[in-house]
1. Near the amide H of A:ILE32, under 5 Å away, which other amide H atoms are found, from residues 5 or more places off or on another chain, if H is placed in the peptide plane?
2. How many Å³ per residue does the convex hull of the Cα positions in region B:220-284 occupy?
3. Could you give me D for region B:86-283, from Stokes-Einstein at 4 °C and 1.567 mPa s, where the hydrodynamic radius is the Kirkwood radius over C-alpha pairs? Units µm² s⁻¹, please.
4. Just how large is the dipole of chain B about the Cα centre, in debye to the nearest 20, putting +1 at every Lys and Arg Cβ and -1 at every Asp and Glu Cβ?
5. Over what distance in Å are the Cα centres of region B:122-159 and region A:12-48 separated?
6. For region A:194-208, what does the Karplus curve 6.51 cos²θ - 1.76 cosθ + 1.60, with θ = phi - 60°, yield as ³J(HN,Hα) per residue in whole Hz, taken in order and with x for Gly and Pro?
7. Dipole size in debye (nearest 20) for region B:3-47 around its Cα centre, Lys and Arg Cβ +1, Asp and Glu Cβ -1?
8. List, in order, the whole-Hz ³J(HN,Hα) value for each residue of region B:71-82 obtained from phi through the Karplus relation with A = 6.51, B = -1.76, C = 1.60 and θ = phi - 60°; use x for Gly and Pro.
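Bear in mind these aren't lab numbers, they're just calculated from the coordinates by the rules spelled out. Treat the numbers as computed from the prediction; the structure is a model and nothing was measured. Ideal geometry is used to build each Cβ from the backbone, glycine not excepted, and the neighbour counts take in all protein chains shown.
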Amino acid sequence: MLKLEGLTKTFGALAAVNDVSFEVPAGQMLGIIGRSGAGKSTLLRMINRLTEPAAGRIICGDRDVSALRGRALRLWRRECAMIFQQFNLVPRLDVLTNVLMGRLSYQPTLRSLLKLFTPEERALAVVTLERVEMAASFLQRADQLSGGQQQRVAIARALVQEPRIILADEPIASLDPRSAARVMDILRSINRDDGMTVICNLHTIDTARSYCDRVIGMRAGRVVFDGLPSALDRERINNIYAAEGADEDIDENITSTALPVGTDRDRIGHAVTAA
Amino acid sequence: MSSQASAAIARFEEEFARLRRRQRIQLLVFAAILLALFFGAAEVSNFRLDRLLAGLPRIGEYIGKTLPEIRINSFFGDIAYWYYGFFRWLGLLLDTLLIALMALLFGSVGGFLLSFPASRNLSGNVVVYFICRRLAEIARTVPEIVYALIFVVAFGIGPLAGFLALSVHAVGAMGKLYAEANENIDERQLEGIRAAGGNWFEMIRFAVLPQVLPNFMTYTLWRLELNIRSAAIVGFVGAGGIGQELYTAISFNYYEDVSAIVLMVVLTIMIIDLVCERLRHKIIGKDNLQ
């Protein structure tokens, strides 16, 4: 179980994340939604300590994650793998090497620097690539792949870390609808079949509805909704997405990246049943 | 409504004119300062057109004196007379090349190691960054010839002093160049490795090096050309190689030796330049293709 207590991050006078507390039980698929700048990314980056919290604590089991340093911190990062909006692969390295980056902390630095990975690790990387259907291009350079393919390689990199938690920071925001659906399907399979906790920043309500067990809505650095996707009604959505003080309705379709299937009415119906 | 709009436009125009005025005044002030500096510099450096014109013919005069006498009917004999020291000079030229190459090796390895702690985005420690930056600065701002003088006094006349002088300078210069390449990398790749649990060395190896190595290689080749010129120059203060011989020829007024040696140096540098350019284009070209 992962527990956040009063997590806060300030940039100058602006509180990007303001006193956020919640718990994530192991094996949950949690979606965090909110407008750009609501603090979703900062929150996720604090969990694996790419960003240092200004205040508050992160607890995992009986460990105070927010106090970890050095090797213990690196092992924590291995344990909660991160998937980025821009994939963050190394474009000049081949796919296999990119995936093997997830194994760096499993072996002595000198072996890593010489790219001396064991045959078992290479096999693990290839099997994992197979799972995301990228094994065929394992020798291609990462910059020769499409966005969706790069994201799948990035997921493979995260998986070979053999993590317990996957943090996905807007994993589908740079992808076309079809690739996006594929990436979300993989994330759901990781959650359902492997029992990994998945915390996923999304800016589309329908994706959160279709894939997540639980949704947290953030506005201006604070949690303003925490509950089942089915509890997200018009009023609550407005509360999450509306600009400060403005009183306008949010059209769910505006934030949608779903594949157009049939009429609008069909689509909404589909999303609701899926949720 | 329209009067409100025109009032807004008038306010905007007023503000715009005020900003433009300020920009123009700034530009004029800068131009005045630059002009003053220019004339000040001309005064201090004694730059006067009449002196320049008076001196010009003397350049030709000196060059004329160094030119050998070569006649058609005794062409080979004259060449052999001019280049009586050819093989000795060739050896010395080789010394100079070796000084340059060794210093390049030392400078690129040293600069490579120095460049990572001297990069703002990679150093991770402000104190380490500051110290490494200043070290590189000191190493490269003191001219090579000054280092050469110091090392000639310390280690005696010869190539060792030249090699050391060039090495120290190259470590500083290349450390700075490499560090600047490091600071221009795409940080997302760094973050990708860090998020996967990689440590500092692994980040350098897998996120930084793939991005900067092509730059490092072109900088290194460029430095080789520079090093060869510098290796010839430091010879003037006794730091070995062809420069030492050239200095002797100049100070003892062995006019024809001067032209013979200079010609050899120029040809060598031309050849090296051509080879380096080919290599550099190969590296850049290959990278662009991929």
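1. Sorted by chain and number, the residues that satisfy this are A:CYS200, A:ASN201, A:LEU202, A:ILE216.
2. Per-residue hull volume (Cα only) is 59 Å³.
3. Numbers: Rh = 18.0 Å.
Value of D from the Cα-based Kirkwood radius: 72 µm²/s.
4. Details: 26 positive and 24 negative charges, 160 e Å.
My answer is approximately 760 debye.
5. For region B:122-159 versus region A:12-48, the Cα centre distance is 48 Å.
6. Result, rounded to whole Hz: 9, x, 7, 6, 10, 10, 10, 7, 9, 10, 10, 5, 5, 5, 4.
7. 140 debye
8. 10, 4, 6, 10, 4, 5, x, 5, 4, 4, 5, 5
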